[in-house]
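I have placed the structure first, in the form of structure tokens, so that the comments after it can refer back to it.
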Amino acid sequence: MHDTELELLVRQLAEGLRGDHDAFCRELVRLLACGHPVTREHLATVLQMTAEQIAEVLAGLADLEVDPSGNVVGWGLTFVPTPHRFQVNGHTFYTWCALDALTYPALLRLTAGVESSCPVSGAPVTLSVTPTGIHDLAPANAIVSLVIPEQGSSCNDDRGSFCNRSLFFRSRRDALVWQASSPQARLLSVADAYQVGGLIARYRYPS
């Protein structure tokens, strides 16, 4: 993919993915990456917010995953199993979509082992993702699917509109079979999708 085409795709995705509480969500994901559910009290302390403010923001995050005690166990990065296993520092997590698995290493400045499966063939797709690149990709010609969400509609409002259609595929042939039922989806090499993830992290979560 040419740089200009990649840049346009990133800007479209960033606009569609941007929500009202991106800074809050970045800290929430960072806390989840520590390896345990996040209490509301801890969120309030870290973010210097009141309990009422924390409750209001969390209530506005669609698809937020909590345990019976009300602790956060997932938002993008999750303890609840999905097709995308995400292993960091001895902890096993999952991500809501393939793009999350490629974005979080850049956002969190960590290295992750990623294991997913092709929804067409069932074949595994594995790789190591670092803040600076991808390694040990198998199969080497794996593909990632992406859709361009309507502005503000993706993970913040409807997980199914974006996350459930961002997947890893064993090969372009398998991806094309799946694309027949989702013709609006874009198909990228894992290398290009990794670049997209890193740029989105930069656009959505500037330091």
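See the values below:
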item: Any hit, region 37-51, residues being among the small types (Gly, Ala, Ser), without any contact (Cβ under 8 Å) to a residue 24 or more places away in the chain, surrounded by 15 or more Cβ atoms within 10 Å (Cβ to Cβ) and on the phi < 0 side of the Ramachandran plot; result: yes
item: Criterion: open to solvent by less than 10 Å² (accessible area, probe 1.4 Å) and more than 18 Å from His36 (Cα to Cα) - qualifying residue of Ala138, Ala142; result: Ala142
item: Hey, Thr82 surrounded by fewer than 16 Cβ atoms within 10 Å (Cβ to Cβ), closer than 26 Å to Ser117 by Cα and free of Cβ contacts under 8 Å to residues at least 40 places away in the same chain or not; result: no
item: Cβ pairs under 6 Å, 6+ apart, first in region 178-195 and free of Cβ contacts under 8 Å to residues at least 24 places away in the same chain and open to solvent by 40 Å² or more (accessible area, probe 1.4 Å), second hydroxyl-bearing (Ser, Thr, Tyr) and part of a helix (DSSP H, G or I); result: none
item: Test: residue in region 85-105 that is among the β-branched types (Val, Ile, Thr), within 12 Å of Cys163 (Cα to Cα) and free of Cβ contacts under 8 Å to residues at least 24 places away in the same chain; result: yes
item: Candidates Leu9, Leu77 - the one that is at pLDDT below 95, within 27 Å of Glu115 (Cα to Cα) and either open to solvent by less than 10 Å² (accessible area, probe 1.4 Å) or of a type in the set (S, T, N, Q) (or both); result: Leu9
item: Region 166-177 residues that are among the small types (Gly, Ala, Ser), paired with ones that are open to solvent by 90 Å² or more (accessible area, probe 1.4 Å) and part of a loop (DSSP other than H, G, I, E, B) (beta carbon under 8 Å, 6 or more apart); result: Ser171/Asn141
item: Filtered residues of region 163-177 (kept if open to solvent by 30 Å² or more (accessible area, probe 1.4 Å) and either at pLDDT 95 or above or farther than 15 Å from Ser117 by Cα (or both)); result: Arg170, Arg172, Arg173, Leu176, Val177
item: Residue that is in a strand (DSSP E or B), among the small types (Gly, Ala, Ser) and at pLDDT 95 or above, where the choices are Ser121, Ser128; result: Ser128
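The values are calculated or read from the model by the stated rules, or taken from the named source; none is laboratory data. All of these numbers come straight from a predicted model, not from anything done at the bench. Here Cβ is always computed from backbone atoms with ideal geometry, including for glycine, and neighbour counts include all displayed protein chains. Ligands, DNA and RNA are excluded from the accessible area calculation, which covers all protein heavy atoms including side chains. Shrake-Rupley method; radii C 1.70, N 1.55, O 1.52, S 1.80 Å.
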